[in-house]
Amino acid sequence: MTEELKNNNEILLSIRGLEVNFHTYRGIIQAVRSVSFDIKKGETLALVGESGCGKSVTAHAINQLIPMPPGKIDKGEIFFEGKDLLKLSEKEIRAYRGDKISMIFQEPMTSLNPVFKIGKQIADVFMTHHKISKKEAWDRAVRLLELVKIPSPASRANSYPHQLSGGMRQRAMIAMALASPEPGLMIADEPTTALDVTIQAQILRLLAELKAEIEMSVLLITHDMGVVAETADRVVVMYAGRKVEEAEVHDLFEHPGHPYTLGLLNSLPSNEKYKGQTRLEAITGQVPDLLTIGLWCPFENRCKYAKDICRKEFPEKTEVEPGHSIWCHQVGKLD
Amino acid sequence: MVRFLIKRLSLLIPTLLGVVTLVFFMIALSPGDPARVMLGERANKQQLETLRAELGLDQPLGTQYGLYLKRMVRFDFGKSIKTGRPVMEEISNLYPATIELAFFAMIFAATIGIIIGVLSATRKNTWIDFTSMVGALFGVSMPVFWLALVLIMIFSVGLDLLPTGSRMNVRYYFESITNFYVIDAIILLIREGDPKYLSSAVKHLILPSVALGTIPLAIIARVTRSSMLEVLTQDYIKTARSAGIKESRVVYRYALKNALLPVITIIGLQFGLLLSGAILTETIFAWPGLGKWLYHAIEARDYPAVQGGVIIISTTFVLINLVVDILYTLVNPKIRLQ
Ligand SMILES: Nc1ncnc2c1ncn2[C@@H]1O[C@H](COP(=O)(O)OP(=O)(O)OP(=O)(O)O)[C@@H](O)[C@H]1O
Ligand SMILES: [Mg+2]
């Protein structure tokens, strides 16, 4: 596996059989179960699924920011440029954080430190990873603020977070995430969820432009299929800690294969495409409890196509087209 | 910042006026004739009249208040009935000793308290955390006089390491300049190059500072711990970690600066309490401070002395509050820029 990855220059990040559990006093929460996917260089991969399905936990496993305890990465490998990140020491992984793997978060209001100037916060990241002077780091911070299109960046660098609007703060967050010479992977954990629609569009456009300018891959976490359609190259759909479908964005929207994906697409307000089909509207029923979840298909209790087999075991992968895989016992029998 | 300072300073005047007025009416309206109380049962009419005239008690209340305010502006508190010396002179001799003690006690309490608070927050639920918090519980519930006596028994009587009983080795010929002995000793060190004064002054400060500072230390440790625990769960801490910032820097810079906000308030409050509440410590260590003096003044119903002491202490309280507010805005840009 390692050899194959080393030889494959296309792939930046490869997650293999990741299992993350939270050992709480109530029991073991199986947050992520045997999840595997790759991110190619320069690609935007969207990780979608409803709240609590393990998107953030998967992303945080990459740079090991899961709170441990209670969290524990019990199985799996995460290869980044051919190196298994899970085998690195805390010090070694820290060298990746903010340098080759950076992150932006959902809440621009609370994700920046309220008592430091934003220029200082960005400069600090530079100084963590490079031997440069304070002045030089500050100048680079200002240049980054300019890159993310913050007006009058030199004076804005002197602002405190609360002096900026939500959209501006998210730009500042992005600037902070770019504070490395050539960012390898940017993990954007719901970067636009907390913003209103116009600002959301601006931020997504900014991310797209930056990607064209800087060679980086983006792992975009969202539960908004509209955002996926606009920005992603490929999509991984997760449900209750499992990967249930993976496809190029076009394929996914054209031929969704998993009943859950179908449900997600149908709940898009502007979606005309599936009008004719059996409309699933909102998906009924409850997400299973991750504490007691069994080994079979986790969507079984909400799936109107479920048969006996679905309650027995988790399905094998079915590759319906090259690059389009579905984990469902009922593939092709959905009509 | 300048605007904030001006605003804050101008607010000082009504506050101080309020304090001074309150003290005036507390004494003017207290039951009984102050002159009679001061001079005792056997004083004759002549003596009473003289004292009343001296204190202005024969004037109507309004006039008295006006005269009183005029005197207060000049920090003129009159003469002590017990000693006959000007109250302000006594205060300026004694208060520096109290301030010095309270200051060192607070430095001890704040540094150790913050360190303990941070350590137990970052090592939550380990033995370090448990030991510190049990220690803090002891710290707040320990009677000061008991701790003081134990300290004296161990370090002074037993091990003969540290002196007690005054502010400076009595055998040194030492004339105070500022009444802050540490400052005096530093001046002497510069002037005469002899460090013995400084070393003696600091040594004399250690035991009373520890005794006086233990309760605030415990309180500061607890406040720091809980504040720090809360800050460490904040999103911006996760941001800092995700940017690869070293954990020690995340804790001591990114988190601590935010966590210090409530701690600063506590430090100011505790410092004010130490200034007025050091009576026990001052008595046990024979520390010639204001607390002990004020205690005796109240006992003797030495009204001018009480008045002066209360006003000086409340004024310090108000000033400490101002300093806390300024520190607060220095740490928290949100307030500063409003
Ligand atoms: N610190 C934690 N302690 C215990 N359980 C946790 C912890 N963090 C996450 N989990 C569990 O892991 C599961 C997945 O959480 P995760 O944050 O990855 O969801 P998500 O897909 O990112 O959802 P959202 O869209 O709400 O952000 C949750 O159901 C939760 O129960
Ligand atoms: Mg999440």
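For region B:199-238, which residues satisfy the criterion of being closer than 18 Å to A:PRO114 by Cα, of a type in the set (Ser, Thr, Tyr) and open to solvent by less than 40 Å² (accessible area, probe 1.4 Å)?
At the first step, the residues of region B:199-238 found to be closer than 18 Å to A:PRO114 by Cα are B:227-238.
Within this subset, residues satisfying the condition of being of a type in the set (Ser, Thr, Tyr) are B:227, B:233, B:236.
B:SER227, B:TYR236 - these are the residues of region B:199-238 that are closer than 18 Å to A:PRO114 by Cα, of a type in the set (Ser, Thr, Tyr) and open to solvent by less than 40 Å² (accessible area, probe 1.4 Å).
Among the residues of region A:95-108, write down those that are away from ligand 1 (no atom under 16 Å from the Cβ), open to solvent by 40 Å² or more (accessible area, probe 1.4 Å) and either assigned to a loop (DSSP other than H, G, I, E, B) or within 30 Å of B:PRO333 (Cβ to Cβ) (or both).
The one that is away from ligand 1 (no atom under 16 Å from the Cβ), open to solvent by 40 Å² or more (accessible area, probe 1.4 Å) and either assigned to a loop (DSSP other than H, G, I, E, B) or within 30 Å of B:PRO333 (Cβ to Cβ) (or both): A:LYS100.
Could you grab me the full set of residues in region A:74-92 that are of a type outside the set (Asp, Glu) and either open to solvent by 40 Å² or more (accessible area, probe 1.4 Å) or over 22 Å from A:LEU220 (Cβ atoms) (or both)?
Across region A:74-92, the qualifying residues are A:LYS75, A:GLY82, A:LYS83, A:LEU86, A:LYS87, A:LEU88, A:SER89, A:LYS91.
Any idea which of (1) within 11 Å of ligand 1 (Cβ to nearest atom); (2) modelled with pLDDT under 90; (3) more than 14 Å from chain B (Cβ to nearest Cβ); (4) under 24 Å from A:ARG94 (Cβ atoms) is the one A:PRO70 doesn't satisfy?
With respect to (1) within 11 Å of ligand 1 (Cβ to nearest atom); (2) modelled with pLDDT under 90; (3) more than 14 Å from chain B (Cβ to nearest Cβ); (4) under 24 Å from A:ARG94 (Cβ atoms), A:PRO70 is out only on (3).
I'd like to verify a number: residues in region A:20-67 that are open to solvent by 10 Å² or more (accessible area, probe 1.4 Å), part of a strand (DSSP E or B) and near ligand 1 (Cβ under 7 Å from one of its atoms), how many?
3
Sort out which residues of region B:157-198 are open to solvent by 40 Å² or more (accessible area, probe 1.4 Å) and among the aliphatic types (A, V, I, L, M), and write them in order of number.
Within region B:157-198, B:VAL157, B:LEU159, B:LEU161, B:VAL170, B:ILE177, B:ILE183, B:ILE186, B:ILE187, B:LEU189, B:ILE190, B:LEU198 qualify.
Within the group A:GLY76, A:GLY52, A:GLY82, which residue is at positive phi and within 13 Å of ligand 2 (Cβ to nearest atom)?
Step by step, each of A:GLY76, A:GLY52, A:GLY82 is checked, and only A:GLY52 is at positive phi and within 13 Å of ligand 2 (Cβ to nearest atom).
Name the one entry in A:LYS87, A:LYS91 that is within 14 Å of chain B (Cβ to nearest Cβ), without any contact (Cβ under 8 Å) to a residue 12 or more places away in the chain, away from ligand 1 (no atom under 14 Å from the Cβ) and over 30 Å from A:SER267 (Cβ atoms).
On the way: A:LYS87 fails: within 14 Å of chain B (Cβ to nearest Cβ).
Result of the check over A:LYS87, A:LYS91: A:LYS91.
Quick one: how many residues across region A:219-239 are among the hydrophobic types (A, V, I, L, M, F, W, C), within 14 Å of ligand 2 (Cβ to nearest atom) and assigned to a loop (DSSP other than H, G, I, E, B)?
Summing the residues that are among the hydrophobic types (A, V, I, L, M, F, W, C), within 14 Å of ligand 2 (Cβ to nearest atom) and assigned to a loop (DSSP other than H, G, I, E, B) in region A:219-239 gives 0.
Quick check on this structure: which one of B:ARG36, B:ARG52 is among the charged types (D, E, K, R), assigned to a helix (DSSP H, G or I) and surrounded by 15 or more Cβ atoms within 10 Å (Cβ to Cβ)?
Matching residue, one of B:ARG36, B:ARG52: B:ARG52.
How many residues are modelled with pLDDT under 80 and more than 16 Å from ligand 1 (Cβ to nearest atom) when one looks only at region A:163-195?
So the count comes out to 4.
Inspect all residues belonging to region A:154-174 and state whether any of them is under 24 Å from the mean Cα position of the chain (by Cα), over 20 Å from A:ILE203 (Cβ atoms), touching a residue at least 60 places away in the same chain (Cβ under 8 Å) and open to solvent by 10 Å² or more (accessible area, probe 1.4 Å).
Among the residues of region A:154-174, not one is under 24 Å from the mean Cα position of the chain (by Cα), over 20 Å from A:ILE203 (Cβ atoms), touching a residue at least 60 places away in the same chain (Cβ under 8 Å) and open to solvent by 10 Å² or more (accessible area, probe 1.4 Å), which makes the answer no.
The values are calculated or read from the model by the stated rules, or taken from the named source; none is laboratory data. All of these numbers come straight from a predicted model, not from anything done at the bench. Note: ideal-geometry Cβ built from the backbone for every residue, glycine included; neighbour counts use all protein chains shown. The area values use the complete protein model at the heavy-atom level, side chains included, leaving out ligands, DNA and RNA. Shrake-Rupley method; radii C 1.70, N 1.55, O 1.52, S 1.80 Å.
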